[in-house]
Amino acid sequence: MKPQYDLVIRGGTVATAADLFACDIAIAGGKVVALGPDLPSGTEEINAAGLLVLPGGIDSHVHLDQYQGEGIVMADGFETGSRSAAAGGNTCIVPYALQRKGQSLREAVADYHAKADGNSLLDYGFHLIISDPTAAVLGQELPALIADGYTSVKIFMTYDDLVLKDREILEVLSIARQYGAMVMIHAEGYDQIKFLTDKLEQAGKTAPYYHAEARPQLVEREATHRAIAHAELVDVPVMIVHVSGKEAMEQIEWARARGIKVYAETCPQYLVLTADHLKGLNMDHSGAKYVCSPPPRDHASQEAIWRGIVNGTFQTFSSDHCPFRYEDAAGKSSPKGRTSFRWVPNGIPGVAARMPILFSEGVAKGRISLQRFVELTSTNHAKLFGMYPAKGTIAIGSDADITLWDPDKKVTMTQSLMHHGSDYTPYEGLEVTGWPVTTILRGEVIFDHGHPVMPKGFGRFISRGLAGAVAGAS
Ligand code: DUC
Ligand code: ZN
Ligand code: ZN
């Protein structure tokens, strides 16, 4: 008899954000078409006995091929970045299309399409980074782009090339409110950072570690509060990204208690790294490998972040993959970067490490349920960024984006497993339990047992809808 389906995944344990059940999954035309026991045969069959069958990971905070200033080159474009994401169990990423000052937003989006086109192994959308909110950007380009499926925007409260004034933030928020876009906010205050950086440099404190001292939690707390107050004034939901510790969390929890709609994201670096990593070996330049913003904090902050992961303060867990090479004049070791932490490019790779770290530290250690893991790594990203239920779940009619996960596999994280363009991983040597073994996008195996299977370019651009509701967020 002719097989009824393209692919049947048999004998696994399926986890969604809501349920955990044993069943087979039948796939046809890239979609899930049947769920149940003992399904008829498929042209291809995968035996998933002993494995978890999860919605493919969605990482909604990834930087690829993004301009970082003269002479600095990001270590991943769409080919290596999406391959690394697939190695880590992801089927969809949402990188940024960065508007440079003076540039039209449309032009920025066209540039990033050209970078991604034919290169991405995974499906992808784009968040817009607005650095120059001119009248034309706010009045025409942004509304038109939101209508075209670029339904989220990131804005920055720091960085010379990106920082927006408070008035500009308010203007972006009010356009987002009018057209229904989600605004992600990088909440660290520009002037406080500049002030502290100048003082540290004057005192001769230029090693990478002082990056952390130039951006203490207070700086993040102040900006988080200001961002929330702006959101309250305009009456629009916002998402505070890469929350690093207790002080920013308290602002978010305070706002939620007042009925302000604030979503929050955290990342693996705030669970397994601390500022001590920035000290390197005796305060040498190797600390630059861990320079990211906000910086990793201390053990008490890690515990606070866990509390927020468990109790629902956080809706998403993303990598903030922002990769540079270490032994490279165009990366962490630029001649200028060696003179002061001020010039070390901010960001670390993590798109392949994100899911294994949360699974191991969260699920395997009994801190969170498998359903919460799925919510944090996939479902809520799809809901908040307008891709649900095509993405982010396993249900009849959804895209067959599936990760087969070995919950018992013990792995020592190491550079060669990351498949990224950086020459290091900040998680080198970390022992984890649980690892993605097969990544399936729209019914096709794209990465299997450590190897890419599909060629680059298999991924498609996703025009996204507006944000949907997320359980647990006020
Ligand atoms: N902000 C990010 O979101 N990513 C990397 C660097 C940064 O400052
Ligand atoms: Zn940021
Ligand atoms: Zn980022």
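Points to keep in mind about this one:
- Criterion applied to GLU220, GLU265 was being within 16 Å of ligand 2 (Cβ to nearest atom), closer than 14 Å to GLY312 by Cα and crowded, with 22+ Cβ neighbours inside 10 Å, and the one residue passing it is GLU265.
- Where LYS456 falls short, out of the listed (1) closer than 27 Å to GLN371 by Cβ; (2) in a loop (DSSP other than H, G, I, E, B): (1)
- Just one residue in the set PRO95, PRO55 is crowded, with 21+ Cβ neighbours inside 10 Å, without any contact (Cβ under 8 Å) to a residue 60 or more places away in the chain and either in contact with a strand residue (DSSP E or B) (Cβ under 8 Å, 6 or more places away or on another chain) or closer than 16 Å to SER378 by Cβ (or both); that residue is PRO95.
- Strands (runs of 3 or more DSSP E) lying entirely in region 13-114 (those with 2 or more residues that are under 26 Å from VAL411 (Cα atoms)): 13-15, 20-22, 42-47, 52-55, 57-62, 90-98
- Selection of region 291-325 for residues being over 30 Å from THR379 (Cβ atoms) and within 16 Å of ligand 2 (Cβ to nearest atom) yields VAL291, PHE324.
- The selection criterion, being out of contact with any helix residue (DSSP H, G or I) (no Cβ under 6 Å at 6 or more places or on another chain), acidic (Asp, Glu), on the phi > 0 side of the Ramachandran plot and modelled with pLDDT of 95 or more, holds for ASP320.
- Restricted to region 241-311, the set of helices (runs of 4 or more DSSP H) holding at least 3 residues that are touching a strand residue (DSSP E or B) at 6+ places or on another chain (Cβ under 7 Å) and more than 22 Å from HIS321 (Cα to Cα) comprises 246-257.
- Single residue of region 344-378 satisfying the filter (β-branched (Val, Ile, Thr) and not in a loop (DSSP other than H, G, I, E, B)) that is nearest to the chain's Cα centre (by Cα): THR377
- Contact annotation: residue pairs with Cβ atoms under 7 Å, 6 or more positions apart or on different chains, pairing a residue in region 313-325 that is polar (S, T, N, Q) with a partner that is within 14 Å of ligand 1 (Cβ to nearest atom) and part of a loop (DSSP other than H, G, I, E, B), are SER318/CYS267; SER319/CYS267; SER319/PRO268; SER319/GLY350; SER319/VAL351.
- Test: THR377 is of a type in the set (Val, Ile, Thr) and over 20 Å from GLY125 (Cα atoms): no
- Test result for ASP123, in contact (Cβ under 8 Å) with a residue 24 or more places away in the chain, charged (D, E, K, R) and either touching a strand residue (DSSP E or B) at 6+ places or on another chain (Cβ under 8 Å) or within 16 Å of ligand 1 (Cβ to nearest atom) (or both): yes
- Of everything in region 55-98 that is of a type in the set (Val, Ile, Thr) and more than 14 Å from ligand 2 (Cβ to nearest atom), the residue that is farthest from ILE446 (Cα to Cα) is ILE72.
- On the stretch given as region 378-406, residues that are touching a helix residue (DSSP H, G or I) at 6+ places or on another chain (Cβ under 7 Å) and of a type outside the set (Ser, Thr, Tyr) total 2.
- Consider region 233-248 and keep the residues that are touching a Lys or Arg at 6+ places or on another chain (Cβ under 8 Å) and away from ligand 2 (no atom under 16 Å from the Cβ). The one that is farthest from TRP343 (Cα to Cα) is ASP235.
- Members of region 401-433 found to be among the polar types (S, T, N, Q) and crowded, with 22+ Cβ neighbours inside 10 Å, listed by number: THR403, SER422, THR425
- Complete set of residues in region 140-168 that are under 14 Å from LEU128 (Cα atoms) and more than 14 Å from ligand 2 (Cβ to nearest atom): GLU141, LEU142, PRO143, ALA144, LEU145, ILE146, ALA147, ASP148, GLY149, TYR150, THR151
The values are calculated or read from the model by the stated rules, or taken from the named source; none is laboratory data. What you see is a predicted model; the values in this text were computed from it and never measured. Cβ: placed from backbone, ideal geometry, glycine included. Neighbour counts: every protein chain shown.
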